[in-house]
Every structure is written in structure tokens, then in C-alpha cells.
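Visitor: Once you've had a glance at the structure underneath, I'll fire off some questions.
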Amino acid sequence: MSPPTPGPARPGRSWPRPPIRRGYGERVSNVLIVEDDLRIGEALQRTLTRRGHQVRVAVTGLAGLQHAVDDAPDVVVLDLGLPDVEGRQLMSMIRAVSSVPIIVATARVEESEMVATLDAGADDYIVKPYSADQLEARMRAVLRRSQPGSPDEPPVVVGALTVDLAGRTATLDDRPLDLTKLEFDLLAYLAARAGRMVSKRQLMAEVWHQPYGGADKTVDVHLSWLRKKLGESAAEPRFITTVRGVGVKLMLPTDPAGPGAP
Ligand code: CA
């Protein structure tokens, strides 16, 4: 049986459109905009659709959560001021089920708010009012970061530790680390989010692709093996820090207890 030939659309039939590619890092993306201001949402939808993105707008937080689960968007643009759910709360609800990059759009500009928002799991933020150009640039940046296997992705260097996400190798003090596949996956996941706290639930979902039961020790066990290879332990952390009940992160040299600290 020969495959149907995509050609001029016949009446009553539509052919799936091939993905439009505009060079690396600029692929057409499936964008979910959670925004209760209809004017903003519709204007963005129009502009981004014209530029070849697939755009869905949700006007409530709960509708946004539903679409984040059902549509598997490549990126979520999340307004913090929503009628039904507090924006940051919604972000952690999305984070519990998906690692989709989230760009927070907000009129709030206090730095402490922004830090709290990034700490809560946002990948970036954009201050209102913003243009479609600005948003597209941020989208490209978070999409590049969320595809760590990309060949032009530079290795993540944290003090004496280097993690080459594309080449799937890691070195410590210039010596190659002998990691199992899961240990590397775990380290790579943390390295791609260096400086950010990642929950065990997120690790279970994204590295193990399994739901997290609270008593599950899988993450802890692999984490302790990884730490041993990194020459550290929970009691004497060098690269990885854990906060009980919150999660784990690969520290940046600028962290108070990070690998560059005295
Ligand atoms: Ca709003």
C-alpha cells in the first residue's frame, strides 16, 4: 500500500501540514498562553499564529492546567494574575505533572517577586507590556535550554565538574566520571537546571518516567550513588544540595555553599 501523496487538498480532505522548520532553535512550537485578558491573549494568538506557531489561549488557570496536560505544549506563557488560581500556585500544579518550560508574564517587577517566581519553577519571566518579538525571543531561549541534547549546546561547567549533555559524558577535575545511564540522566537533569531546586516528584516523572510515591527511595538511592562518584555525601555536599521536603539542586559556584565557595 502506498502512502497517500500530499498534494493539492481535495475538497473535504485536509492533509496534515508538515512542520515548518526555520533553522535550529526556531522550530514552530506549540504554545499555550494562560491569560485572562482577552485583548492580550487574542493579539498574541494572532501574531504568533501568523508566524507559524500553534497557539492555544486559556483564560482561566484551571483551563490552562488542563491544556498543559492534554496538549503537551512546548512552552507555556503564564500570566500571574488569574481569576481562579494564584499564578505561582498554578505553576507548581503544572510543574507537578510536566517539565514544560514556563515563561511567566507579569506586571509585577519587584526583584524579590521575580526571584521567588524563578525559584518556584519558572524558566523565565517577561514584564508586561511586552511585544510578540520579545516573547518569541524568550520562547526560543527556553526551548533551546529545554532540549539539552542539542549538538551546539555547550557543556555545563560547575566548578570542577563538567557535564556534556550532548555527548553524554561528565568529568570531575578533568577525569571522566564512570556513570551508569540513570546516574548520568539524573546529573544531566540537574545540570540543565543548575542553581534551581528540583523536586523528587519531578525527578521521578522526568528521569524515571514514573509517578512518585512519597515513601519511594529510588531517587535517594541513585542520588547517593551519584554523590559518591562526585566525591561528596549528603553530610558533606560539594555540588548537590538537598532540602528536606523540597528537593535537590546542583549548586552554582555563586551559591553560598556552592563548589566555588571557600
Ligand atoms: Ca491577568
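The values are calculated or read from the model by the stated rules, or taken from the named source; none is laboratory data. Computed from a predicted structure; not experimentally measured. In this analysis, Cβ positions are derived from the backbone assuming ideal geometry, glycine residues included, and neighbour counts consider all displayed protein chains.
Visitor: Return the residues of the stretch 32-50 that are of a type in the set (A, V, I, L, M, F, W, C) and within 10 Å of the ligand (Cβ to nearest atom); say none if nothing qualifies.
Guide: Val34, Ile40
Visitor: Here is a further query. Could you check, for the stretch 177-193, whether at least one of its residues is touching an Asp or Glu at 6+ places or on another chain (Cβ under 7 Å) and not acidic (Asp, Glu)?
Guide: yes
Visitor: Out of the residues in the stretch 73-108 meeting the condition of being more than 19 Å from Arg144 (Cβ to Cβ) and away from the ligand (no atom under 15 Å from the Cβ), tell me which one is surrounded by the fewest Cβ atoms within 10 Å (Cβ to Cβ).
Guide: Result: Ser92.
Visitor: Separate question: Spot the failing condition for Ala192; the list is (1) modelled with pLDDT of 85 or more; (2) in contact with a strand residue (DSSP E or B) (Cβ under 6 Å, 6 or more places away or on another chain); (3) not charged (D, E, K, R), and only one is missed.
Guide: Exception for Ala192: condition (2).
Visitor: Does Ala72 fit the bill of being of a type in the set (A, V, I, L, M, F, W, C) and in a helix (DSSP H, G or I)?
Guide: Judged against the criteria, Ala72 is not a match.
Visitor: Run down Ala170, Ala105 and say which single residue is small (Gly, Ala, Ser), part of a strand (DSSP E or B), closer than 28 Å to Ser92 by Cβ and out of contact with any Cys (no Cβ under 9 Å at 6 or more places or on another chain).
Guide: Ala105
Visitor: Let me spell it out: the conditions are (1) at pLDDT below 90; (2) on the phi < 0 side of the Ramachandran plot, and Arg175 meets all of them except one. Which number is the exception?
Guide: Among (1) at pLDDT below 90; (2) on the phi < 0 side of the Ramachandran plot, the lone unmet condition for Arg175 is (1).
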